[in-house]
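The values are calculated or read from the model by the stated rules, or taken from the named source; none is laboratory data. The structure displayed is predicted, hence computed values, not measured ones. All Cβ positions, even for glycine, are placed from backbone atoms using ideal geometry, and neighbour counts span all protein chains on display.
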Amino acid sequence: MTERIIQNAYYVPDIDEGIQRFHHLWGLGPFFVRRHIDLENVLYRGHPAELDISAAYTQAGELMIELVTQHNDAPSIFRDLYGADESGFHHVALDFGDHDERVSHFNHLGYESVTSFNTSDGRGATYLDTMAAVGHATEIYIVNDSLLNLYSEVRHASENWDETDLIREL
């Protein structure tokens, strides 16, 4: 099975500061921001967990860029790699496909499911522990129209961006 990476994600301690830093460094924008995302059915290593995250999305050519922060100190795939005040490369997301089949495939290869959740709009994801293999986590999406629309909207906005409205709240 050949996988296609469609997103690179970075952990940042502050979403707004991270947006300014990525825009200043690489001219990326606009950023679509979801603050304190409503998560359901959160699991950490198979046990119920609490997770409070915010994320910002932009496009860099063919690759979506996500900035993510965790607001609480609960165990998670994010805290496994970074403390609240640290930042760095966190995960890649793979192209759309059958979530359960792909997670099962990676679990069979020995990569543990660390954090998973659903969102109130029917999206969701499972993050796999691929740190020993590649130095970061891997995200497998639960695909629905909301996720497909997000990818389309972010790409379209970046292709036609006139450098106004750097931050767009979702």
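A single member of PHE106, PHE78, PHE117 is surrounded by 20 or more Cβ atoms within 10 Å (Cβ to Cβ), more than 17 Å from GLU50 (Cβ to Cβ) and modelled with pLDDT of 95 or more, and it is PHE106.
Residue-wise test of (1) under 20 Å from VAL143 (Cβ atoms); (2) at pLDDT below 95; (3) small (Gly, Ala, Ser).
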site: ILE37; (1), (2), (3): yes, no, no
site: SER54; (1), (2), (3): no, no, yes
site: THR58; (1), (2), (3): no, no, no
site: SER87; (1), (2), (3): no, no, yes
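Among residues of the stretch 155-167 that are under 14 Å from GLU62 (Cα atoms), none has a Cβ under 9 angstrom from a residue that is part of a helix (DSSP H, G or I) and of a type outside the set (S, T, N, Q) at a sequence gap of 6+ or on a separate chain. For the stretch 41-67, filtering for residues that are closer than 15 Å to ALA125 by Cα, in contact with a Phe, Trp or Tyr (Cβ under 6 Å, 6 or more places away or on another chain) and among the hydrophobic types (A, V, I, L, M, F, W, C) leaves 1. Residues of the stretch 1-19 that are out of contact with any Asp or Glu (no Cβ under 9 Å at 6 or more places or on another chain) and either hydroxyl-bearing (Ser, Thr, Tyr) or exposed (fewer than 14 other Cβ atoms within 10 Å of the Cβ) (or both): MET1, THR2, GLU17.
Listed by position, the strands (runs of 3 or more DSSP E) enclosed by the stretch 17-133 that each have at least 3 residues that are over 21 Å from SER152 (Cα atoms) and of a type in the set (A, V, I, L, M) are 39-44.
Restricting attention to the stretch 89-103, does a residue exist that is more than 13 Å from the chain's Cα centre (by Cα), touching a residue at least 24 places away in the same chain (Cβ under 8 Å) and closer than 19 Å to HIS47 by Cα? Yes; the residues of the stretch 89-103 include at least one that is more than 13 Å from the chain's Cα centre (by Cα), touching a residue at least 24 places away in the same chain (Cβ under 8 Å) and closer than 19 Å to HIS47 by Cα. From the list VAL143, VAL154, exactly one residue is among the aliphatic types (A, V, I, L, M) and either exposed (fewer than 15 other Cβ atoms within 10 Å of the Cβ) or closer than 16 Å to ARG34 by Cβ (or both). Which is it? Of the residues listed, the single one that is among the aliphatic types (A, V, I, L, M) and either exposed (fewer than 15 other Cβ atoms within 10 Å of the Cβ) or closer than 16 Å to ARG34 by Cβ (or both) is VAL154.
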